[in-house]
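*Asks:* Structure provided below as structure tokens; questions to follow.
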Amino acid sequence: MRVALFVACFNDALFPGTGRAVVRLLERLGHEVAFPSAQTCCGQMHWTTGYHAEAAGLARGFAAAFAGHDAIVTPSASCAATVRRDHARILRAAGERDVPPAPPVHELTEFLVDVLGVTDVGASFPHRVAYHPTCHSARALGAGDRPLRLLRAVRGLELAEIPAADECCGFGGTFALKNADVSVALVADKVRHIRSAAPDVVCAVDNSCLAHIGGALSRQRSGVRVLHLAEILAGDGA
Amino acid sequence: MTPRPKFAAAARPALADTALRRALADTAADARARRAAAVAELPDWPALRAAGRAVKDRTLLNLDACLERLERAVVDAGGTVHWAENAAQAARTVVRLAAAAGAGEVAAPAASVLEEIGLDGALTAAGIAVHRTGADAEFPAGARVAVTGVDLMVAETGTMVALERAGDVRRCLTVPDALITVAGLEQVVPDRADLEVLLQSVSRSAGERLAPVVSAWTGVVAGDGPAAFHLVLVDNGRTRALADEVGRAALRCVGCDACLHVCPVYERTGPEPYGAPHAGPIGAIRTPQLRGVASAANASLPFASTLCGACADVCPVEIDIPEVLVRLRGKVVDARRGRPVPTPELAMMRAAAWTLTDPHRYEAALRGGTRWARLLARGGRIRRLPGRLGVWTDARDLPVPPARSFRVWWRDRGERP
Ligand code: SF4
């Protein structure tokens, strides 16, 4: 299958390794990856911060960049939710009528489990790993146990369970800046819960949340690393 | 009077209050557990939510007709209906009615609508003492006039219904002279079948099979209870909210508080930073809807959420709270667009959108931003960001962006065999 990758601007700049992992993983599973070069940003930050007219321009740009692709994959659950759930709202709020359906974007674990029908992707990762279900993956997309099924099939991986895992890490986009104190109070509790599970690595399907959690873990010199799930699934034990 | 501070500033004392933090966490955990158990007992909670939503949507669609029907039923039952456009008018009406009944004091159990209209201040200014009966205050033995809120009103019969844990409203129903009930326009439901649906969903959502004390009162009964019954129906921004296609969903709220107890922000700040009368996720919507976003404090409320969505998952009438919050954020931003000098945030967001709508500009910015960020790195991480971004690095590191972005790697990789 020919799969178009939407890497998400955040990953493009800060976490290119996640994009490379998705490419490596999909190619290992026998698929061809395309990277439409006109892609930039889905408009999530503008939309959720209240800059709706600006978000509409980005939603239109997204549709143009991915026109003609019928299998689009992204390693960002929040961007997938923005396109699938919010792009139509954004365009309607901008006064457009007869809004066409948004491009069919799948979050990576949905794509693997639902579209490709695989849970064992042939990965090996001999470490103790905790999975954090981000709000957009768990609530907005309803990812359910797909990420965990994928993780359970990874060779050598030991799962650690985080208490109160479904509670928000406190990132929330510009919330982390506008309400920095509340945001820090939330991530402090998240990190306390994570450390109580004593993992080597915390993974998720949103690098934005992981940057937040990882930023606090790093500030504490906790020694616990954060890693996008794709980078675990791409690992073949090398 | 100094204006109420913005949410972020108002939250700081609460965040630092150890005892409050512990109490809030305990209350939330308890409420969540009770709600989960009460909901799990039902064969089909999703169906009940959908039914509750449908009742409210149908009501709001024909709100005028429904309220007229309510008014007729209340009048037929011997009561009087008063319409108040705003909070001040509602408070004046209640004061006038209480004074006309000759009351020097009134019993008034806590209710958010009474707080909304600023009743205590208005009564006190008129020389009428308020007995805020409730958890730690006795019902005043000699009270002849009472003012209450209400949870639901049935248009068909003109019946008022209150759901309570302790029964403070119930004790008001036997005052001899006058019972004055204040209600928001949206609290009406068409008929008894609708009431049945919402009684179930509100109770379960609040963690009960049925609220411990359910009181119902209708008009005036000769020889029993108060000699006069007054219903004050308050608009105060509700009609305006109703005209907003997305924002009107918030008028479905039945006040069960389930969203408060699952909200990670509320669990750490408590009600204070939201200002009165509504707190938590629904308060972050209702206060700006009722009072507008002109004040900095009210304008900050829609931003007091991570948009995690936990509230929308539990709401018994399926209010998509994050969606409404995002719409209100748009209103706040739009109200500021007209300023002669753009806010720094507006300038930044415009520049970002201009950059992001063109792949070449985007890539140039990516290169520049990466170079800049890499200069800030110390020991493999960014420990201090300048300017307004510094609040991030006050407590959190930032990873250093790798020299090569994904798109450059992709290009360098070239065509695959
Ligand atoms: S918005 Fe909150 S208080 Fe209102 S009905 Fe929904 S969950 Fe209950």
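*Asks:* With at pLDDT below 95, open to solvent by 10 Å² or more (accessible area, probe 1.4 Å) and on the phi < 0 side of the Ramachandran plot as the only criterion, which of B:209, B:192 stands out?
*Replies:* After applying the criteria, what remains is B:209.
*Asks:* Testing residue A:157 on (1) of a type in the set (A, V, I, L, M); (2) in contact with a Leu (Cβ under 9 Å, 6 or more places away or on another chain); (3) within 30 Å of residue B:393 (Cα to Cα), one condition comes back false. Which one is that?
*Replies:* The failed condition is (3).
*Asks:* May I pose another question? Just give me the residues in region B:242-269 being within 13 Å of the chain's Cα centre (by Cα) and either assigned by TED's automatic domain parsing to the domain that holds residue B:205 or not in a helix (DSSP H, G or I) (or both), in sequence order.
*Replies:* B:253, B:254, B:255, B:256, B:257, B:263
*Asks:* Of all the strands (runs of 3 or more DSSP E) wholly in region B:131-230, which have at least 3 residues that are more than 23 Å from the chain's Cα centre (by Cα)?
*Replies:* Once the strands (runs of 3 or more DSSP E) in region B:131-230 are filtered for at least 3 residues that are more than 23 Å from the chain's Cα centre (by Cα), what remains is B:178-184, B:213-218.
*Asks:* Report the residue count in region B:287-309 for those that are within 16 Å of the ligand (Cβ to nearest atom) and either open to solvent by less than 10 Å² (accessible area, probe 1.4 Å) or not in a helix (DSSP H, G or I) (or both).
*Replies:* 9
*Asks:* Then there's this: Quick one: count up the residues across region B:309-327 that are within 8 Å of chain A (Cβ to nearest Cβ) and touching a Leu at 6+ places or on another chain (Cβ under 8 Å).
*Replies:* Qualifying residue count, region B:309-327: 1.
*Asks:* Right, next: Is it the case that region A:196-206 has a residue that's modelled with pLDDT of 95 or more, in contact with a Leu (Cβ under 6 Å, 6 or more places away or on another chain), among the small types (Gly, Ala, Ser) and farther than 20 Å from residue B:388 by Cβ?
*Replies:* yes
*Asks:* Taking region B:382-406 as the search range and keeping residues that are assigned to a helix (DSSP H, G or I) and at pLDDT below 95, which one is nearest to the other protein chains (Cβ to nearest Cβ)?
*Replies:* It comes out as B:391.
*Asks:* Pairs please, first residue from region A:41-60 and touching a residue at least 60 places away in the same chain (Cβ under 8 Å), second anywhere and among the aromatic types (Phe, Trp, Tyr) and open to solvent by 30 Å² or more (accessible area, probe 1.4 Å), Cβ atoms under 8 Å, 6+ apart in sequence or on different chains.
*Replies:* Final answer for the pair search is none.
*Asks:* Tally up the residues in region B:328-381 that are in a helix (DSSP H, G or I) and either touching an Asp or Glu at 6+ places or on another chain (Cβ under 6 Å) or at the interface with chain A (Cβ under 7 Å from one of its Cβ atoms) (or both), please.
*Replies:* 13
*Asks:* Mind checking whether some residue in region A:91-98 is more than 8 Å from chain B (Cβ to nearest Cβ) and in contact with a helix residue (DSSP H, G or I) (Cβ under 7 Å, 6 or more places away or on another chain)?
*Replies:* Yes: one or more hits.
One line per residue, one yes/no per condition, for (1) touching a Pro at 6+ places or on another chain (Cβ under 9 Å); (2) open to solvent by less than 50 Å² (accessible area, probe 1.4 Å):
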| position | (1), (2) |
| --- | --- |
| A:136 | no, yes |
| A:151 | no, yes |
| A:157 | yes, yes |
| A:163 | no, no |
| A:166 | yes, no |
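Here's the yes/no breakdown for (1) surrounded by 15 or more Cβ atoms within 10 Å (Cβ to Cβ); (2) assigned by TED's automatic domain parsing to the domain that holds residue B:258:
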position	(1), (2)
B:328	yes, yes
B:361	no, no
B:370	yes, no
B:395	yes, no
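Yes or no, residue by residue, for (1) within 7 Å of chain B (Cβ to nearest Cβ); (2) not charged (D, E, K, R):
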{"site": "A:128", "(1), (2)": "no, no"}
{"site": "A:135", "(1), (2)": "yes, yes"}
{"site": "A:138", "(1), (2)": "no, yes"}
{"site": "A:141", "(1), (2)": "no, yes"}
{"site": "A:144", "(1), (2)": "no, yes"}
{"site": "A:163", "(1), (2)": "no, yes"}
{"site": "A:174", "(1), (2)": "no, yes"}
{"site": "A:178", "(1), (2)": "yes, no"}
{"site": "A:186", "(1), (2)": "yes, yes"}
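*Asks:* Taking region A:188-197 on its own, how many of its residues are at the interface with chain B (Cβ under 10 Å from one of its Cβ atoms) and in contact with a strand residue (DSSP E or B) (Cβ under 8 Å, 6 or more places away or on another chain)?
*Replies:* Adding up the residues that qualify gives 0.
*Asks:* Would you check which residues across region B:154-167 are open to solvent by less than 50 Å² (accessible area, probe 1.4 Å) and more than 21 Å from residue B:91 (Cα to Cα) and list them?
*Replies:* If the condition is that a residue be open to solvent by less than 50 Å² (accessible area, probe 1.4 Å) and more than 21 Å from residue B:91 (Cα to Cα), then B:154, B:155, B:157, B:158, B:159, B:161, B:163, B:164, B:167 are the ones that fit.
*Asks:* Then there is this: From the set of residues in region B:39-93 that are outside any helix (DSSP H, G or I) and in contact with a helix residue (DSSP H, G or I) (Cβ under 6 Å, 6 or more places away or on another chain), which is nearest to residue B:156 (Cα to Cα)?
*Replies:* B:81
*Asks:* Answer yes or no: is there a residue in region A:193-203 that is charged (D, E, K, R) and within 13 Å of the chain's Cα centre (by Cα).
*Replies:* Looking for residues that are charged (D, E, K, R) and within 13 Å of the chain's Cα centre (by Cα), one finds none in region A:193-203, hence no.
*Asks:* Go through region B:225-266 and give me each residue that's away from the ligand (no atom under 14 Å from the Cβ) and within 14 Å of chain A (Cβ to nearest Cβ).
*Replies:* If the condition is that a residue be away from the ligand (no atom under 14 Å from the Cβ) and within 14 Å of chain A (Cβ to nearest Cβ), then B:244, B:245, B:246, B:264 are the ones that fit.
*Asks:* Yes or no: residue B:151 open to solvent by 30 Å² or more (accessible area, probe 1.4 Å) and either closer than 26 Å to residue B:104 by Cβ or within 16 Å of the ligand (Cβ to nearest atom) (or both)?
*Replies:* For residue B:151, the condition - open to solvent by 30 Å² or more (accessible area, probe 1.4 Å) and either closer than 26 Å to residue B:104 by Cβ or within 16 Å of the ligand (Cβ to nearest atom) (or both) - is met.
*Asks:* Follow-up. For region A:182-201, enumerate the residues that are open to solvent by 10 Å² or more (accessible area, probe 1.4 Å), over 20 Å from residue A:157 (Cβ atoms) and small (Gly, Ala, Ser).
*Replies:* Of everything in region A:182-201, those that are open to solvent by 10 Å² or more (accessible area, probe 1.4 Å), over 20 Å from residue A:157 (Cβ atoms) and small (Gly, Ala, Ser) turn out to be A:185, A:188.
*Asks:* Hey, could you check region B:267-286 for residues that are more than 14 Å from chain A (Cβ to nearest Cβ) and in contact with a Lys or Arg (Cβ under 8 Å, 6 or more places away or on another chain) and say which is nearest to the ligand (Cβ to nearest atom)?
*Replies:* Among residues in region B:267-286 that are more than 14 Å from chain A (Cβ to nearest Cβ) and in contact with a Lys or Arg (Cβ under 8 Å, 6 or more places away or on another chain), the one nearest to the ligand (Cβ to nearest atom) is B:278.
*Asks:* Kindly indicate the residue of region B:310-327 that is in a helix (DSSP H, G or I) and among the β-branched types (Val, Ile, Thr) and also farthest from the ligand (Cβ to nearest atom) among those meeting that condition.
*Replies:* B:326
*Asks:* When you go through (1) surrounded by fewer than 23 Cβ atoms within 10 Å (Cβ to Cβ); (2) more than 17 Å from residue A:88 (Cβ to Cβ); (3) out of contact with any helix residue (DSSP H, G or I) (no Cβ under 7 Å at 6 or more places or on another chain); (4) of a type in the set (A, V, I, L, M, F, W, C) one by one for residue A:63, which number turns out not to apply?
*Replies:* Going through the list (1) surrounded by fewer than 23 Cβ atoms within 10 Å (Cβ to Cβ); (2) more than 17 Å from residue A:88 (Cβ to Cβ); (3) out of contact with any helix residue (DSSP H, G or I) (no Cβ under 7 Å at 6 or more places or on another chain); (4) of a type in the set (A, V, I, L, M, F, W, C), residue A:63 breaks only (2).
*Asks:* Does residue B:318 satisfy the criteria of being at positive phi and of a type outside the set (Ser, Thr, Tyr)?
*Replies:* yes
The values are calculated or read from the model by the stated rules, or taken from the named source; none is laboratory data. Values in this document were obtained by computation on a predicted structure and should not be read as measured data. Every residue, glycine as well, gets a Cβ built from its backbone with ideal geometry; the counts of neighbours run over all protein chains shown. Side chains are part of the model used for accessible areas, which takes the heavy atoms of the whole protein and leaves out ligands, DNA and RNA. Shrake-Rupley method; radii C 1.70, N 1.55, O 1.52, S 1.80 Å.
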